[in-house]
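To keep things clear, I will list the structure first and then write my remarks on it.
The values are calculated or read from the model by the stated rules, or taken from the named source; none is laboratory data. These figures come from a predicted structure and were not determined experimentally. Here Cβ is always computed from backbone atoms with ideal geometry, including for glycine, and neighbour counts include all displayed protein chains. Side chains included, ligands, DNA and RNA excluded: accessible areas come from the protein's heavy atoms. Shrake-Rupley method; radii C 1.70, N 1.55, O 1.52, S 1.80 Å.
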Amino acid sequence: MSQPTHNLTKHWQALDAAHHVHPFSDTAALNKEGVRVITRAQGVYLWDSEGKKIIDGMAGLWCVQVGYGNKELAEAGCEALKTLPYYNHFFKTTNPYTAELAAKLASLLPSGHEHVLFANSGSEANDSALKLIRYYWNLKKKPEKKIHLSREYAYHGVTMAAASLSGLTPMHPQWDLPLPGFEKVPTPYWFGAKAAGYGDIGEDEFGLLIAGRLEEKILEIGADKVASFSAEPVHGAGGVIFPPSTYWKEVQRICAKYDVLLHLDEVITGFGRTGEWFGAVTYGIAPDITTMAKGLSSGYQPISAISLGTRMAQTILHANEELVHGYTYSGHPVASAVALKNLEVIERLSLVHRVRNEIGPYLQRRLHETFDDHPIVGQVRGIGLLAAIELVPDRKERRFFADTGNVGAHCRNYCFNSGLISRAIRDTMVLSPPLIVSESEVEEIIAKLKSAIDNTARDFGKLR
Ligand code: PXG
């Protein structure tokens, strides 16, 4: 595989076209275009089957915290595969890797979160969290508290419940979702506020106003019927949207006032992405339940977790009955071993500190220096190693391009052709590089993005 040939590319493309249905893709259209075959990766770089080198500004799907090709993680997985390739936790059993991982997570999580359950993906974690929330209210003898609130623009995954929880509307019609019992509230997307008809409102004021919409929704439904409010500390796939400084405090006040459980989806924001171990710390949030995946194993193995805060743990762990839930692969030994090693590596390399104090501020500063005055950039925003650049027709106005997504897709194609992976969400270019990215690699990402945005501006008549 180290010297891929054109013939092999065609071979893999043909097999894939004949048999593989791709996630979030029009597979028939993709097959006409020809799928890209990624064959190896090292550090922040990927190589395709034609030998093209690509810098990964997205850490895979927001998950490869320690970068690709980390030998320690590979060896930890290999060792577990040889020692205990599989066993489950159903029959009065545990294994050393999973027990140690649970304890390690308890030491890193926000205070009060001492207990974790394991699953295999972010979607499963969120699905499990909703079940645990329902169970909690049943145990509390408030079975009528069953409505799950979440936000527009939220991405929480694709199972029936996680997709119902998600607020990205294209995720629903194909599957007759959301299920009954899922309701949405607006999100404090300040950059879009003017276009959405909120006028020239300040960011902090907007944060309070939108938090107030949560309160209105709870009152409209009746607090006695609302089970939970789910949210990402920062929206990821919905467009890398950061909360105004007023927002989370007010949301927590409202949840406490109406006895609504707060479920924090840390699938993207966990494990250093925002410069703390968890987004809860960055934004001062005390959740009742959290879900995590992705960076937990740096994506090297499929594993996710759900942590219970004191209140939920005390109730659920003292129910004096069996918890009728769990997956064949909950706390898989190989995935647990890799996740455990991943957390050890993140700690030993001080990656969280590095994101908060060094490489995160460096990335943010360079993005501002490069794009603040660009004719088609309306806003540069970010924290840690998470950033977004809003492409707009006029940089002075918070207004979007008419044909949403077209300019973003155009820019993303330029990025890819120059060997950079950046995501376009609508017309927002987003970055979420591995936490080990160096300053010179940040410069490479920014130079390629700059050239892609310049070319895009030229093509749309905004730059000569
Ligand atoms: N919660 C959040 C916040 C996520 O970002 C999930 C849950 C679901 O995780 P799983 O492991 O079930 O995929 C996610 C996943 C994108 C993209 O295009 C983002 C995700 C997944 C796939 C694509 O940005 N996030």
Rounded to one decimal in nm, the spacing of the 7 Å Cα→Cβ label points at residue 353 and residue 131 is 4.0 nm
Using only the Cα atoms of region 329-464, what semi-axes does the equivalent ellipsoid have when each is the square root of 5 times a gyration tensor eigenvalue? Give whole Å, largest first. 32, 17, 13
Coordinate range along principal axes, alpha carbons of region 72-348, Å, largest first: 61, 41, 39
So what is the accessible area of the chain per residue, in Å², with the probe set to 1.4 Å? 43 Å²
Treating only Lys and Arg (+1) and Asp and Glu (-1) as charged, each at its beta carbon, one finds that the chain has a dipole about its Cα centre, in Debye to the nearest 20, of 180 debye
Using the charge dipole of the chain (Lys, Arg: +1 at Cβ; Asp, Glu: -1 at Cβ; taken about the Cα centre), state which of 328, 306, 438 has its Cα farthest towards the positive end. 328
Fraction of accessible area attributable to carbon and sulfur, region 72-348 (%, probe 1.4 Å): 56 percent
On the accessible surface of region 387-447, probed at 1.4 Å with all protein chains in place, carbon and sulfur together account for a percent value of 48 percent
Classify region 66-121 from the C-alpha gyration tensor, please: rounded if a/c falls under 1.5, else prolate or oblate depending on whether a/b exceeds b/c. oblate
Charge dipole of the chain built from unit charges on the beta carbon (Lys, Arg +1; Asp, Glu -1), centred at mean Cα; most positive-end Cα among 252, 452, 41 is 41
If you wrap the chain's Cα atoms in a convex hull and average its projection over all directions, what's the area in nm²? 22.6 nm²
Based solely on its DSSP helices, what 222 nm [θ] is calculated for the chain when runs of n ≥ 4 H residues each add -39,500 (n - 2.57) and the sum is averaged over all residues, nearest 500 deg cm²/dmol? -12500 deg cm²/dmol
